[in-house]
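S.K.: Following this message is one structure expressed as structure tokens.
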Amino acid sequence: MRVHELSSGSPRKRILGASVVVLAAVGGVGLGIAAVGAANATQEPDVDAVEVVDELADAASAEDILPTDIDLESMDDSIEDSSIRLVGEDQTSSYWMSTNEDGDICLITDFVQGVSAMACADPAVLQEKGMSWSLAGDPKAEGYRAIVALVLPDSAETDDIEVRSATSGAELSGRAADAEVSSTWTEVSPNLLVADAADVDPALEFVIPQNTAEAPDGASDAKISYAFDPASVPQL
């Protein structure tokens, strides 16, 4: 897993902070923070990216072209331009997914303060565990924002997210869980959830079921788990 950072604005603008983690699969490894890499999943090799994110197989359109001020080659010159697909936007940022020459799935973000960045993950890792990406701008500059982005496989069922205590494992009731999810996460696309870091309660764990037919090895109890660690938000 790799993180690429780029300041696409003037030289006076600081490079965005970024931290990537592999989400924990329930019953699997614990949540680990890494600036460039994390523990690998024990998956069969050669999982194709479009099997994990089928939107990457959609026909290209004009909206899939990156803005001219994003210097993609400076971030990763192995990105396949023809694979870039716009997955959505929120109030300040735009998000694209693509693949590179290694077959990794990459999230490209046109973030705040004139900064863009990218993170990539092996499709097998993303299929089994998902990926989270913490991004933060310059807190001393206008337009500061810090977010957590959860990149998910097609098999993730984001309409059925469970919410538990991160310490006791006690599950919130359906209505309380729904309220917590809706107040925390914005669904940019079925493969991407975004939250402002300040809105994510570190005392809670978000558990995302996976569709049995699409989950790794067809496991009926396959789930992806995420618990927010405030230390994962980069501090400039």
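The values are calculated or read from the model by the stated rules, or taken from the named source; none is laboratory data. None of the values given here were measured: they were computed from a predicted structure. Every residue, glycine as well, gets a Cβ built from its backbone with ideal geometry; the counts of neighbours run over all protein chains shown. Remember, those area values only see protein heavy atoms, side chains included, never the ligands or the DNA or RNA. Shrake-Rupley method; radii C 1.70, N 1.55, O 1.52, S 1.80 Å.
S.K.: Residues in the range 161-175 that are under 28 Å from Val52 (Cβ atoms) and touching an Asp or Glu at 6+ places or on another chain (Cβ under 7 Å): how many?
M.R.: Qualifying residue count, the range 161-175: 5.
S.K.: Would you check which residues across the range 153-167 are aliphatic (A, V, I, L, M) and either open to solvent by 30 Å² or more (accessible area, probe 1.4 Å) or part of a loop (DSSP other than H, G, I, E, B) (or both) and list them?
M.R.: Of everything in the range 153-167, those that are aliphatic (A, V, I, L, M) and either open to solvent by 30 Å² or more (accessible area, probe 1.4 Å) or part of a loop (DSSP other than H, G, I, E, B) (or both) turn out to be Ile161, Ala166.
S.K.: Residues to consider are Ser132, Ser168; find the one that is touching a helix residue (DSSP H, G or I) at 6+ places or on another chain (Cβ under 9 Å), within 21 Å of Asp201 (Cβ to Cβ) and among the small types (Gly, Ala, Ser).
M.R.: The match here is Ser132.
S.K.: Under 6 Å by Cβ, and 6 or more places apart or on different chains, what pairs join a residue from the range 70-83 that is within 12 Å of Met118 (Cα to Cα) and in a helix (DSSP H, G or I) with one that is of a type outside the set (D, E, K, R) and modelled with pLDDT under 85?
M.R.: Qualifying pairs under 6 Å: Ser74/Leu6; Met75/His4; Met75/Leu6.
S.K.: Then there is this: Read through the list (1) more than 25 Å from Glu205 (Cα to Cα); (2) touching a strand residue (DSSP E or B) at 6+ places or on another chain (Cβ under 7 Å); (3) surrounded by fewer than 24 Cβ atoms within 10 Å (Cβ to Cβ), then give the number of the only condition that Lys140 fails.
M.R.: (2)
S.K.: Restricting attention to the range 200-213, and to residues there that are loosely packed, with under 14 Cβ neighbours inside 10 Å and modelled with pLDDT of 95 or more, which single residue is nearest to Ser134 (Cα to Cα)?
M.R.: Filtering first and then ranking leaves Pro202.
S.K.: Same structure, new question: Return the only residue of Leu107, Leu150, Leu126 being assigned to a helix (DSSP H, G or I), buried (at least 19 other Cβ atoms within 10 Å of the Cβ) and in contact with a strand residue (DSSP E or B) (Cβ under 6 Å, 6 or more places away or on another chain).
M.R.: Working: Leu107 fails: assigned to a helix (DSSP H, G or I); Leu150 fails: assigned to a helix (DSSP H, G or I).
The conditions single out Leu126.
S.K.: Further question on the same structure: Which of the numbered conditions does Leu66 fail, given that it passes all the others? Conditions: (1) assigned to a loop (DSSP other than H, G, I, E, B); (2) of a type in the set (A, V, I, L, M, F, W, C); (3) at pLDDT below 85; (4) open to solvent by less than 40 Å² (accessible area, probe 1.4 Å).
M.R.: (3)
S.K.: Here is a further query. Go through the range 40-63 residue by residue and tally those that are at pLDDT 85 or above and either assigned to a loop (DSSP other than H, G, I, E, B) or open to solvent by less than 50 Å² (accessible area, probe 1.4 Å) (or both).
M.R.: Looking only at that region, the number is 11.
S.K.: Just name the residue that is modelled with the lowest pLDDT out of those in the range 214-235 that are in contact with a helix residue (DSSP H, G or I) (Cβ under 8 Å, 6 or more places away or on another chain) and over 16 Å from Gly169 (Cα atoms). Give the steps one after another, and end with the answer.
M.R.: Filtering the range 214-235 for residues in contact with a helix residue (DSSP H, G or I) (Cβ under 8 Å, 6 or more places away or on another chain) gives 216, 222, 224, 228, 230, 233.
Filter once more, so that each one left must be over 16 Å from Gly169 (Cα atoms): 216, 222, 230, 233.
Working: Pro216: 58, Ala222: 84, Pro230: 92, Val233: 86.
Taking the candidates together, the pick is Pro216.
S.K.: Report the residue count in the range 186-199 for those that are open to solvent by less than 30 Å² (accessible area, probe 1.4 Å) and among the polar types (S, T, N, Q).
M.R.: 2
S.K.: Any residue at all in the range 176-185 that is among the small types (Gly, Ala, Ser), open to solvent by less than 40 Å² (accessible area, probe 1.4 Å), out of contact with any Asp or Glu (no Cβ under 7 Å at 6 or more places or on another chain) and at negative phi?
M.R.: no
S.K.: Cβ-Cβ below 6 Å, separation at least six or inter-chain, first residue in the range 154-178 and more than 16 Å from Thr212 (Cα to Cα), second open to solvent by less than 70 Å² (accessible area, probe 1.4 Å) and in a loop (DSSP other than H, G, I, E, B): which pairs?
M.R.: Once the first residue is more than 16 Å from Thr212 (Cα to Cα) and sits in the range 154-178, its partners that are open to solvent by less than 70 Å² (accessible area, probe 1.4 Å) and in a loop (DSSP other than H, G, I, E, B) give Val163/Leu172; Ala166/Ala203.
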